[in-house]
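The values are calculated or read from the model by the stated rules, or taken from the named source; none is laboratory data. Bear in mind that the values here come from a model prediction, so they are computed numbers and not experimental data. A quick note on method: Cβ atoms are made from the backbone with ideal geometry, for glycine too, and the neighbour counts reach across all protein chains shown.
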Amino acid sequence: LADLTDDEYKRMLGFKRSGAPSLATSTYRNQNDNVPDAWDWRKHNVVTPVKNQGQCGSCWAFSAVASFESAYALSTGTLESFSEQELVDCVDGGADDCSHGGEMAHGFVEIIENHGGKLEKEADYPYTAQSHGKCLAKDDKAIGHFTSYVNVTSGDEDALKGAIANHAVASVGIDASSFLFQLYRHGVFSWSLCKNGYNELDHGVSAVGYGNYKGKDFWLVKNSWGTGWGLDGYILMSRNKDNQCGIATDASFVVMPKSTNHSKIQDASKFDILQDLPWN
């Protein structure tokens, strides 16, 4: 991404708050949960491979779908890749032409209200990095049983930590406006000028875990810019630094019934969160 102009880079930052009506059933609060010191949902087969949104401000759709995929895998035991294109085409009737952007909550509302809590698989409704201008979803090909989503207490990193460890991958908005983020390659990303206000967030990503590297707490974040960016498509973002870059400002996760008993997973969680990430 180093060769992108400022305008080209900004086109990939498509998180924009729309004021969509919230269907969140509750707010997840910090309960001083006894959660593990490190967590990585990739180790439990509920995270799909890194995807690529291309030159389209559809990051919000990728973030929303990642949370849907995680909840579906935990609910059914099957990891599926679902369609971001369905949200790009169907939210606001396909009004997002890759330049208007959107927000994860708007995608969640679309799935619940207009798609019966279901999405089509990626293979049935493939991504094109542009809007078709109309919704092409086919109900007979859609699967899932998405009933609601939960917001995480805004700005509370401990609550976000508990939500990830005890529930699922979280959809989060962040400030990714810095060229340092654009050019990120390795290490724990920290930028003191990063903003964390609601209206200062510009990129939708997925928080799939957390941990500590060389004394630095981090969030393990899945981006949607392909595996050539960052750490095979991931970034380690600073944790416990006053909600740096707003990672806990607007966070939520999908709820589906019949979910796995996560306490059993936690007890069996023995892994090195960094072992699969390239550091050279």
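Annotations
- Screening Trp225 with (1) closer than 20 Å to Gln55 by Cα; (2) surrounded by fewer than 21 Cβ atoms within 10 Å (Cβ to Cβ); (3) of a type outside the set (D, E, K, R) gives one miss only, at (2).
- Unmet criterion (only one of (1) under 25 Å from His100 (Cα atoms); (2) within 20 Å of the chain's Cα centre (by Cα)) for Ile164: (1)
- Residue in region 104-115 that is touching a residue at least 60 places away in the same chain (Cβ under 8 Å), more than 19 Å from Ile174 (Cβ to Cβ) and among the aromatic types (Phe, Trp, Tyr) present: no
- Failed item, numbered, when Leu13 is tested on (1) at pLDDT 95 or above; (2) in a loop (DSSP other than H, G, I, E, B); (3) surrounded by 17 or more Cβ atoms within 10 Å (Cβ to Cβ); (4) hydrophobic (A, V, I, L, M, F, W, C): (1)
- Just one of the listed residues (Ile164, Ile143) is within 23 Å of Ser26 (Cβ to Cβ), of a type in the set (Val, Ile, Thr) and at pLDDT 95 or above, namely Ile164.
- Test: Tyr127 is modelled with pLDDT under 95, within 20 Å of the chain's Cα centre (by Cα) and either under 24 Å from Val50 (Cβ atoms) or among the basic types (Lys, Arg) (or both): no
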